[in-house]
């Protein structure tokens, strides 16, 4: 009996709470002078709770969007600009270049000041070379050590059976077979590499206004206009590798810019007198020698 009584009392309490939550109220806005009703709203505790909850969710979403996708997040403590490190690095390079140029200019002006003032070194005042400091090169023995002979033998045996020139290492340690390039553009090769007729690259036809991307990480060493090839951009890559992109319609990078592999650098075009339609003329130079880009890049 006690349990039944407690259960019925609990049910009554819940019904009373639900009834109070659902009770309708009217919010009336009156004119204070004439007591004329201006606005009125029907409200309940449940509607107020739902409205406050939805408003809180919207505020949270707006705040999250601002923090994640807008520059305003830089003003929030703990968030910094993602490009800050690169800009600091570029400013350091520029400051070093400016400092070196200033030192060179100061040295030049100092020498010029001495020359104009007649402050030149006198041959009689020049001290003769101290013969005690002169090394006796006649005692130097030009003889291979046993260790040197062993090293030479090991290197010759390692490279004895190389069948291809591409297996030989370059001067800076970069081998031809381990170079990896990002395709600058996807399209159809219409003109092949032919150095005999001075065509030191390949022509790739793609859709109009297609973007051109950097083949490797590097630094832009030329970005400008030529009469024959129009807008041209050239990038110096590690390992003494240079890629050249010709006949562009728009150049998106300037000389000195550092680019990453796959980063957009230009827009395809048909600029220049030697162009017959929208295409990309791509050249690949390794150690100053033009090579066929198709041997290293998959289009």
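Structure notes:
- Estimated FRET transfer efficiency (residue 86, residue 209; beta-carbon r; R0 45 Å; 0.05): 0.95
- Stretching the chain fully between residue 114 and residue 72 yields a gain of 9.4 nm (0.36 nm per residue, less the alpha carbon separation).
- At R0 = 30 Å, FRET efficiency that the Cβ-Cβ distance of residue 219 and residue 60 yields, to 0.05: 0.10
- Residue order, fewest to most surrounding Cβ atoms within 10 angstrom, among 36, 210: 36, 210
- Note: relative contact order over region 9-73, using C-alpha pairs below 8 Å and six or more positions apart, is 22 percent.
- Label-to-label distance, residue 149 versus residue 226, with points set 7 angstrom from Cα along the beta-carbon direction: 5.3 nm.
- Two-site label geometry, residue 48 and residue 35: point separation in nm, points 7 Å out along Cα→Cβ: 2.5
- Contour excess over end-to-end distance, with Cα ends at residue 186 and residue 103 and 0.36 nm allotted per residue: 25.1 nm
Bear in mind these aren't lab numbers, they're just calculated from the coordinates by the rules spelled out. Keep in mind that what you see is a predicted model, and the values were worked out from it rather than measured. Positions of Cβ are generated from backbone atoms using ideal geometry, with glycine treated the same way; all protein chains shown enter the neighbour counts.
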